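What follows is a single structure, written as structure tokens, with notes after it.
The values are calculated or read from the model by the stated rules, or taken from the named source; none is laboratory data. Keep in mind that this is a model prediction, so the values were computed, not measured. Positions of Cβ are backbone-derived with ideal geometry, glycine not excepted, and every protein chain shown enters the neighbour counts. The area values use the complete protein model at the heavy-atom level, side chains included, leaving out ligands, DNA and RNA. Shrake-Rupley method; radii C 1.70, N 1.55, O 1.52, S 1.80 Å.
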Amino acid sequence: MPDGDDLKCLITEEKLETPSTFSFPFTPYGIQHDFMTEIYSAIEGRKLGIFESPTGTGKTLSIICGAVRWLLDHENREWNQLKQALESLNMKNEETNNDDDDDWIAGQAKLVEQQRKVYEINKMLKSLEEFNNNIEKIKKEQEFKKKKAKSLVIKTLNPKKNDNEIENDKKDFFDEESEFVLEEYDQLSSVDDFEEISDDKVQYEGVKIYFCSRTHSQLSQFVAELKKSPYSTSRIVPLASRQNYCINKTVKKLKNITLMNERCLEMGKPSQKPTKVSSVGSVVKKKKSETLCKCPYNDKDKIQSLAEEVTTELRDMEELVNRGDQISACPYYASRESVKYAQIVTLPYNTLLHKSTREASGIRLEGNIFIIDEAHNLLDTIGHIHSSQINGQQLTHSYSQLIQYKNKFELRFSASNLLHLNQLIYVIGKLINMLGGTPGVSHAEASRKGVDSKVYTLENFVHQAEIDHLNMFMLVDFFKRSKIGQKIRGYSEKYMPSVSLQPSKPKLSNLQAFLKQIETKKNNKGKELKEDENKHPEPQVTDLISNNPLTPVMAFIESLTNYCEDGRIICTTQALVSKGVLKFLLLNPAVHFKEIVDKARSVIVSGGTMEPISEFKDQLFNFDGNNADRIVHFSCGHVVPPDNILPLIVCTGPTGKQLDFSYQERTSIKMLNEIGSLLENICRTVPAGIVCFFPSYDYEQFVYQHLEKNKVINRLSERKKLFREPKLTNQVDEVLKNYSHAITTTSALNSKVTGALLFSVIGGKLSEGLNFSDDLGRCVIVIGLPYPNIKSLELQQKMNYLNSHMGPGTGQQHYENLCMKSVNQSIGRSVRHQQDYAAVLLLDHRYQRDNVRNALPKWLQPSLQEHSKFGSAFAQLNKFFTGKKKLQQ
């Protein structure tokens, strides 16, 4: 598949000169022009870029106009260079033919080599022309369909199936027990026996820009910005998971992403004849047969039609789902089908960062550009994605399922499948032993190891667990290609409740539970949670059965394939085996990012605040020391004038007490009272909306209860309508809507209640990706510094690893960075455009420290003021808003 790297083998890539001007929806600010210039140069120079641009400075538009401009220039260069190279080689061939050199053999060898190059370039040109012709053909067909749609009422030829028909399809999944038999596993083969390989491969795809962000809402914002840009005709495809794209109601009901993936694959897999067993008990190999699609939306023609629409019309994920639903075509498969023609692909960065997910999505790294926005937590995200955790209940449940599954189908397995299945059962049994349990016994048994926590290197763990003689890579490969997870889930669904954990003494266990229930009611009245746990022990097992516990178990086993130095295993045993936990902690995120860095043309990470830059340079891009010359850093100021921002470090409260919200002091009565007095004073001065960030949900709850008890909440409510950040994600939009409405209505009515006060949490749902612009955020208050628990085993291991691999003191720096990155994200929620203005109050005397102050956003520091007394800080705050009020009159 020819791309820029293939061309380098035949022709030297001419350098593109960075443009002096860029197309933009309006006249760009100086910092926006600089941003576009730098990102263009970085992509052209095959660099690894770290780009900082404060939120509200038009970062997304600058990325689009700089990166897409480069892509279009590169496409023109590629075509022109191929043409020029072909002409040049043809001329050289003529010269070689006319050459009267006496060395005939050397001349012929030279001619053959030139002819080979001509052949290769001709092949590339032909594939490029075919690629462009296909796109033009699709555009014309779509134009024709639009014209036809205006003049005719188009009736769907294949109506949607109703819910009853889909339910009938659902019933057909597990009619034959042969469906539950493992796929044949051949460890020497890299291709699934039943996987169809398409011969219709597009030879040319060209360079693509992959734009990644944290959430789908942020990706939709990117698409909205692209629509407003001069490049709205670009071919863009939004990639997402089945959970986001599935329109089949039966599959959507499953909700769990793993179950949805498995069900979708089952509905579209090739139909196979029942497994045959010979007279000697060996399995007769299955044969492929025609694909039988059980999903009404997995229609090849309709999917192709939707894919062509995606190629020619700019749509975000939600719009693609709606269109798929209209024409009964699967958006998931349509989006993947259209990627080959795309210039820009949007996707959540979890999809890019996880290798197996990346490969399953068909993302090609070689020669492409990857722009990762909102990348301030990229290192933590990589670590989280590749860490894994399982508990004793999942292990014992998986063990029980595997044993019963093996007993049922043992005679129908090949020798290879039986060998690997036995190895998997053995490994899970040993993991149960590590938690102090006994394989085959109820998860409710007491642990032999008591309550304890130990940290192991990977090498020590596999040795201690007595599984160091087995090949974990092969077991993971067996799990994926034999589809054992899907088979066991299907078998469990059909034979429920026979596939369940069998307690060693069921009757005794029930009696004990009954007696314990009586004792609990007698001694612990009101503790409903404990009563429920003792009263209903079995439903927890049922929940785990439906969630397929083998999947997280295999994720943990796959973690054991990491390089020994890159991770640690934390083994936590509890009184009961079911409560014990095995956790793999990834310490070196760079190892999982290295392939992207090595193969991509350019990788750009961007965000409002990317400090500390050293983390990206040393721990992500240049961990092995080979990429120092590829790294570039760009940082710009804010478009908002300095006099529109008032950042204040407030060291004392209204009563003169020093503000110290460290873990030891923050629950003291004097600190709680200071918070109440501060908020009352601030609410009397600041108009419209105030967002107050607390270090944690627990502390926010603690403060609220204290203020409510002392009637402070009542007094605050006389000035501002009070809202609190919800813990449930699905309630966030409602709270934000009500908060915005309260500010708008109170301002219009000019009542005594002026605006609203929102209690939020640093690192919570409202601290990232949300805009509190204009009246929504006239003041941001940050209470304390949210340092993580220094006694955490995981944090200690990470700090020790950094100290030993990156140098002394790096671990402590990491500890401080975790805190300050969260603070900076909270600060960045306000001041979103050039005319916006806001105050930022940092409440804690520790903000005076040089290391803390220097870690604050660069754009904030020129305006930053320290106030040792609350009176002077409050006077400055009052002056700031009085001045803004006069300007508006």
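Before moving on, here are some points about what is shown:
- Net charge of Cβ neighbours under 9 Å - reference T572; Lys, Arg +1; Asp, Glu -1: +2
- Mean Cβ neighbour count within 10 Å, used as a protection proxy, ranking 640-648, 664-672, 49-57 highest first: 49-57, 640-648, 664-672
- E136 versus N738: modelled label distance in nm, points set 7 Å from Cα along the beta carbon direction: 5.9 nm
- With R₀ set to 41 Å, the beta-carbon distance separating K858 from E319 gives a calculated FRET efficiency near 0.65.
- For q = 0.11, 0.12, 0.15 Å⁻¹, Debye-computed log10 I/I(0) when each Cα of segment 682-820 counts as one equal scatterer: -0.51, -0.58, -0.79
- Heavy atoms of V639: accessible area, 1.4 Å probe, square angstrom to 10: 20 Å²
- In the structure shown, the pairs K454/K487; K208/K300; K228/K721 are assessed against 28 Å; a Cα-Cα span above that value is assigned to K454/K487; K228/K721.
- Split the accessible area of segment 374-452 by element, probe 1.4 Å, and carbon with sulfur accounts for 53%.
- Counted residue by residue at 0.36 nm each, then reduced by the alpha carbon distance between them, the extension gain from Q701 to T233 reaches 163.5 nm.
- Of the cross-linked pairs K83/K110; K340/K617; K15/K110; K449/K791; K145/K252, those separated by over 25 Å at the C-alpha level are K340/K617; K15/K110; K145/K252.
- As an equivalent ellipsoid, segment 359-501 spans semi-axes of 31, 23, 16 angstrom, where each value is the square root of five times an eigenvalue of the C-alpha gyration tensor, largest first.
- Surface composition of segment 739-833: carbon and sulfur atoms hold 52% of the protein heavy-atom accessible area at a 1.4 Å probe.
- Residue-span extension gain [E466 to Y426] - 0.36 nm each, minus C-alpha spacing: 13.4 nm
- Solvent-accessible surface of segment 723-793, averaged per residue with a 1.4 angstrom probe and all protein chains in place: 47 square angstrom.
- Here each label is just a point 7 Å from Cα along the line to Cβ, and for K599 and N878 those points are 6.4 nm apart.
- In order along segment 618-624, the phi-based Karplus estimate (6.51 cos²θ - 1.76 cosθ + 1.60, θ = phi - 60°) of 3J(HN,Hα) comes to 8, 9, 10, 7, 10, 5, 8 Hz; Gly and Pro are listed as x.
- For the pair L770 and S868, a Förster radius of 35 Å applied to the C-beta separation gives a FRET efficiency near 0.60, rounded to the nearest 0.05.
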